[in-house]
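Following: one structure in structure tokens, then a few remarks.
The values are calculated or read from the model by the stated rules, or taken from the named source; none is laboratory data. As the structure is a computational prediction, the values presented were derived from the model and not from experiment. Ideal geometry is used to build each Cβ from the backbone, glycine not excepted, and the neighbour counts take in all protein chains shown. To get the accessible areas, we keep the full protein, side chains included, count just its heavy atoms, and leave off ligands, DNA and RNA. Shrake-Rupley method; radii C 1.70, N 1.55, O 1.52, S 1.80 Å.
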Amino acid sequence: MNAIAPARPAAEIGCTDAPVLYERGQREVFCGLTGIVWLHRKIQDAFFLVVGSRTCAHLLQSAAGVMIFAEPRFATAIIEERDLAGLADANAELDRVVTRLIERRPDIRLLFLVGSCPSEVIKLDLHRAAQRLSETFAPKVRILSWSGSGIETTFTQGEDACLSALVPDMPAEAADAPPSLLVVGALAEVVEDQFLRLFAELGIDRVRFFPPRRSDDLPPVGPRTKLLLAQPFLAETARLLEKRGAARLPAPFPLGVEGTTGWIGAAAEAFGIDDARFDAVVAPRAERARAALARQREKLDGKSLFFFPDSQLEVPLARFAARELGMRLVEVGTPYLHRGHLAAELALLPAGTALSEGQDVEKQLDRARAARPDLTVCGLGLANPLEAEGLATKWSIELLFTPVHGFEQAADLAELFARPLVRRSRLKV
Amino acid sequence: MQLTVWTYEAPPHVGAMRIAAAMEGVHYVLHAPQGDTYADLLFTMIERARKRPPVTYTTFQARDLGGDTAELFKTSVKEAYERFRPQALMVGASCTAELIQDDPGGLAQALGLPVPVVPLELPAYQRKENWGAAETFYRLVRTLAGPSVPPPGSKRTAREPGEHASTSAPRCNVLGPTSLGFRHRDDVHEITGLLHRLGIAVNVVAPLGASPADLARLGEADFNVVLYPEIAYQAAQWLERSFGQKSTKVVPIGTGATIDFVREVAALAGVDPAPVLDGVTSRAPWYARSVDSTYLTGKRVFVFGDATHAIAAARVAAEELGFEVVGLGTYSREFGRELRAAAAKYGVAPLITDDYLEVEETIAAAHPELVLGTQMERHTAKRLGVPCAVISAPVHVQDFPARYSPQMGFEGANVLFDTFVHPLMMGLEEHLLQMFREDFEFHADAAPSHLGSHAAPGARVEAPASAPAPEPVPANAAPATAALAIAAAGPVSPVPSADGGPVSAPPLRWAADAEKELHKIPFFVRGKARRNTERFAQDRGLSLITVETLYDAKAYFSR
């Protein structure tokens, strides 16, 4: 084990077996369609066609600011009354819309048909539609499907569903291939490049990222693949990759210095990198990141923090805020707590942290009002009303859209927590 | 199925939310899947509401579909009533819940709550936001004011002077303003002031700021002022049938329309309009007559928006600024008749569509010098290199300015003058540029001073495909409609249009002398002259542009 990687704690410490408040009430969260907002920037030759209602189209334009794109690489095929009444054959309509779209966008190589609540409820089989349309448009355009419906997915689970749809198309890695590392979860390109350099210095050369930037560049997977999750919301993707033989490396997530060290450390251990090499590569970067963090820690040390459930990043973020910024955790809410993938995180979380899963937003707001935390991480629907009640907030969505992973972004991540407090202290009226 | 990249209107339940969020003392329980709560951010982020909209969502998931979603709905209604204690409860379904047919109205009625329950049936696969808002307002008015409707056949009793303790003045309701409305907040202030100056008392403003108790006494007014027919026309029709209240037909946007409105209201109220009309202090008519405005004459303007704002803006453009209306359209199909009538007045083809790409094509074909539209037309105009002012919803965070900025009334007319004129190059500046063109300071690369910091190096005024008038978008015009876009810094960058413009490009050459002649034309109209000439040549199948072609085209396009 590496000297500066956190020793894997014994099961009884942290929050490994901590009780979780499980709530089933109104959930103030986005559906999985929202993932399209970042996925279409990540996979740059893919088009996302939501088969849904005007609500889906309106969600996407409200969430993404579609007007900033001349021709965004996503659209909605809006189901109309005649489709429901059986006056039009929904599959024929879908074929017509897809044909028109592909004619209009010859640059598209991969088309995702994305299911929605209405398409799920009327049982429109997009998987079969994708197979049928693939036959028509192969080899120029591949067509796959996944569901971002709110009845099945919460916010970041959309990425999980999208990546899951890509797994069957990943080429098989040769049985005699040397071990390779597969980093799973959409990351900013700058972060990918930092990690690539870091792994290369450690001597891990066969590193691929999933999703890739181009759809025809899917990484291979097989029994020689070591799987390192960069995001905590990829339960199904990980399961499918493990089914194809990949071995998941248990690790904390690369948020903050400690998380990143543990995450890199898991790879280093799996690839047999010796401690001296690990320390030589990682220690200077960790030290630089810690120095950068120190300034933000001054502003945040001892401040209380409340997480509303949103992105499933809450547990790693809370671990970072508590252990590296000195913040006090009032409540850590998450839409879904994956104990397996979060095992290393839960072990590091301060014992006694109040954890909640699911949501009953009114009750949770009552708890937040009673606790009056110094900072509340919540969605956009709640932020201004809480600010109006005098509570400082951080939009959780920004934690997802800003590059926050890795050593070089640790201070940026801390600054996202500090900014609302700094801003409040500056405003005099 | 309709392929949609962007939509002018939200689904109809968002229209219902606009009514609920505008009012006090109501609560809306919406049977809707997880994720539909995104609509809250329209209110809290775009309008910067200090409170969440008064909406409870059932947020059902797949596992609930196997069980009892109806029970989930009933529980949500009960809990919402207990927690919020509204004076009236609205219940309905979003698009997905409509498909599972749980009958929210019936379920809620069966609970026997001690307050009126208003079931809303808003067909999500046929209708849109404004229709949903209008239907919701109508249902609320009907439910709450219904009990005070005089029995059929009985005449509405004339109100006794002094019956209302405060005043014997004529009274009206002001109907239509909502949450997320385009400047509704300020319009209400402006028009209420105007009515007071006429000696007319305002009985109820609704839905904005009204409670269910206020809606119950709508019948006490003498007549109704309908500010936004898209929202209030249906309710006003019912009030006329039930209480004999006449309603206004003129929407007071622009000086002329405001004067017409004052006369109409005065006639309905039986008061003298002179005190208001004699003291009109609006600057806009004088500004339009000042010599500096001469350059506005005949500017080609394309207008698109909701029907009310588009029709009003066309009138202001034509009659109060001396522009030429070269296109008029709306996404409000419900008001197609009104729009067609207005278009006929200006001799243009009416454009009734909710496909923004069709709007873009029509704008490009009309070659306007100014676009008055929604936020989407602002982006379209930017791509086409044409100045633009925003006159209509769908709303954007910029449409809720901190300052007072009505569209209606005499102050609204002043606001419109500034709004329509500022995107254009200042008149005097245009003359000076022409006089000193190609001077060492007024060369093609120097952007006009009024563009301030936008005169960045590299912002060449004349590029082959760019427009004569430089991009007039103010510095604060970041594309921040969407709340998330604010956060989406970094990885997001605009995707250039695959097809730069409407012009396809068969081989076309400029003769050297024609190119030289082109450069004698002032730089800020040169781009347009080049485009017009090329279009003229293409239309005629010419492959070489000579000096003669240039002047043929000039003659052809001159007006």
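Results, tabulated for the structure shown:
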read-out: Flag for A:A186 being modelled with pLDDT of 95 or more and within 14 Å of chain B (Cβ to nearest Cβ); value: yes
read-out: Residue match in region A:11-28 (condition: buried (at least 24 other Cβ atoms within 10 Å of the Cβ), small (G, A, S) and modelled with pLDDT of 90 or more); value: no
read-out: Selection count, region A:288-324, where residues are more than 29 Å from A:L227 (Cβ to Cβ), out of contact with any helix residue (DSSP H, G or I) (no Cβ under 6 Å at 6 or more places or on another chain) and assigned to a helix (DSSP H, G or I); value: 4
read-out: Every residue from region A:353-391 that is among the hydrophobic types (A, V, I, L, M, F, W, C) and within 14 Å of chain B (Cβ to nearest Cβ); value: A:V361, A:L365, A:A368, A:V377, A:C378, A:L380, A:L382, A:A383, A:L386, A:A388, A:L391
read-out: Filtered residues of region A:96-115 (kept if surrounded by 12 or more Cβ atoms within 10 Å (Cβ to Cβ), closer than 23 Å to A:L166 by Cβ and at the interface with chain B (Cβ under 8 Å from one of its Cβ atoms)); value: A:V97, A:L101, A:R105
read-out: Every pair of residues 6+ apart whose Cβ atoms lie under 6 Å, when the first sits in region A:98-127 and is of a type in the set (F, W, Y) while the second is open to solvent by 20 Å² or more (accessible area, probe 1.4 Å); value: A:F112/A:L144
read-out: All positions within region B:249-287 that are part of a loop (DSSP other than H, G, I, E, B), of a type outside the set (S, T, Y) and open to solvent by less than 30 Å² (accessible area, probe 1.4 Å); value: B:V251, B:P252, B:G254
read-out: Matching entry among B:Q61, B:Q101 (being facing chain A (nearest Cβ under 10 Å), open to solvent by 20 Å² or more (accessible area, probe 1.4 Å) and under 28 Å from A:E120 (Cα atoms)); value: B:Q61
read-out: Selection count, region B:99-111, where residues are in a loop (DSSP other than H, G, I, E, B) and modelled with pLDDT of 95 or more; value: 1
read-out: Count of residues meeting criterion [among the small types (G, A, S), open to solvent by less than 10 Å² (accessible area, probe 1.4 Å) and more than 30 Å from B:D418 (Cβ to Cβ)] in region B:210-246; value: 4
read-out: Selection within region B:309-327 - under 16 Å from B:P285 (Cβ atoms) and out of contact with any Pro (no Cβ under 9 Å at 6 or more places or on another chain); value: B:R315, B:V316, B:A317, B:A318, B:E319, B:L321, B:G322, B:F323
read-out: Among the residues listed as B:G270, B:G256, the single one being of a type outside the set (S, T, N, Q) and over 27 Å from the mean Cα position of the chain (by Cα); value: B:G270
read-out: Residue in region B:24-52 that is farthest from the other protein chains (Cβ to nearest Cβ), counting only those that are open to solvent by less than 10 Å² (accessible area, probe 1.4 Å) and in a loop (DSSP other than H, G, I, E, B); value: B:A32
read-out: Unmet criterion (only one of (1) closer than 30 Å to A:L111 by Cβ; (2) in a loop (DSSP other than H, G, I, E, B); (3) open to solvent by 50 Å² or more (accessible area, probe 1.4 Å)) for A:R239; value: (2)
read-out: Condition met for A:L49 (in contact with a helix residue (DSSP H, G or I) (Cβ under 8 Å, 6 or more places away or on another chain), in a strand (DSSP E or B) and modelled with pLDDT of 90 or more); value: yes
read-out: When residues of region A:184-217 are limited to those that are open to solvent by 20 Å² or more (accessible area, probe 1.4 Å) and part of a loop (DSSP other than H, G, I, E, B), the one nearest to A:V141 (Cα to Cα); value: A:D216
read-out: Test for B:Y331: is it open to solvent by 30 Å² or more (accessible area, probe 1.4 Å) and either at pLDDT 95 or above or closer than 23 Å to B:P406 by Cα (or both); value: no
read-out: Matching residues in region A:142-156 - criterion: being part of a loop (DSSP other than H, G, I, E, B) and under 20 Å from A:P118 (Cβ atoms); value: A:G148, A:S149, A:G150, A:I151, A:E152, A:T153, A:F155
read-out: Test: residue in region B:105-120 that is within 14 Å of another protein chain (Cβ to nearest Cβ) and in contact (Cβ under 8 Å) with a residue 40 or more places away in the chain; value: no
read-out: Odd one out for B:V14, checked against (1) within 26 Å of B:R333 (Cβ to Cβ); (2) touching a residue at least 12 places away in the same chain (Cβ under 8 Å); (3) out of contact with any Asp or Glu (no Cβ under 6 Å at 6 or more places or on another chain); (4) facing chain A (nearest Cβ under 8 Å); value: (3)
read-out: Any hit, region A:326-341, residues being part of a helix (DSSP H, G or I), in contact (Cβ under 8 Å) with a residue 60 or more places away in the chain and out of contact with any strand residue (DSSP E or B) (no Cβ under 8 Å at 6 or more places or on another chain); value: no
read-out: Scan of region A:247-261 for residues that are assigned to a helix (DSSP H, G or I) and open to solvent by 10 Å² or more (accessible area, probe 1.4 Å), ordered by number; value: A:E258
read-out: Scan of region B:123-139 for residues that are under 26 Å from B:G219 (Cα atoms) and open to solvent by less than 30 Å² (accessible area, probe 1.4 Å), ordered by number; value: B:N130, B:G132, B:A133, B:A134, B:E135, B:T136, B:F137, B:Y138
read-out: Tally of residues being in a loop (DSSP other than H, G, I, E, B) and under 17 Å from A:L305 (Cβ atoms) across region A:390-429; value: 4
read-out: The listed residue being assigned to a strand (DSSP E or B), in contact with a helix residue (DSSP H, G or I) (Cβ under 6 Å, 6 or more places away or on another chain) and in contact (Cβ under 8 Å) with a residue 24 or more places away in the chain, out of B:T56, B:T96; value: B:T56
read-out: Residue list for region A:38-47, restricted to those being among the hydrophobic types (A, V, I, L, M, F, W, C) and open to solvent by 10 Å² or more (accessible area, probe 1.4 Å); value: A:W38
read-out: Qualifying positions in region A:376-416 - closer than 30 Å to A:E287 by Cβ, surrounded by 23 or more Cβ atoms within 10 Å (Cβ to Cβ) and not small (G, A, S); value: A:V377, A:L400, A:V404, A:H405, A:F407, A:Q409, A:L413
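Okay, residues lined up against (1) assigned to a strand (DSSP E or B); (2) open to solvent by 10 Å² or more (accessible area, probe 1.4 Å); (3) modelled with pLDDT under 90:
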{"residue": "A:L87", "(1), (2), (3)": "no, yes, yes"}
{"residue": "A:L94", "(1), (2), (3)": "no, no, no"}
{"residue": "A:H127", "(1), (2), (3)": "no, yes, no"}
{"residue": "A:K140", "(1), (2), (3)": "no, yes, no"}
{"residue": "A:G158", "(1), (2), (3)": "no, no, no"}
